[in-house]
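Just so you know, all these numbers are worked out from the coordinates, no wet-lab data involved. Because the structure is a prediction, the values reported are computed rather than measured. Using ideal geometry, Cβ is built from the backbone for each residue, glycine included, and neighbour counts are taken over all protein chains shown.
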Amino acid sequence: MRIRAARSEDLDAIKALLAENELPASDITADLLTYFAVAEDADGSVVGSVGLERFGNSALLHSLAVAQTLRSAGWEVACWRMRKTLRQP
């Protein structure tokens, strides 16, 4: 697994992952990806994401999603830990 900051080209994959997990995705925009990180599998596919929504000095956990096929394989914990890779202002 590789964890990295989300890029604009990840937007569709993140939205699909959120939809797969029945989470809202319509408000996710390229601008919000500044505070998102993704997990990639060995093939480079996005299999996890986590995002924060900033409010001044505070942030709200926006979304944490893991591909359903990878649940119970430790990916949820890995995605939670990847929030540390999110960019700081």
| Between residue 43 and residue 8, how many nm apart are label points set 7 Å from Cα along the C-beta direction? | 2.7
| remark: Once residue 1 and residue 15 are pulled to full extension, the length gained, defined as 0.36 nm per residue separation minus their Cα-Cα distance, is 3.1 nm
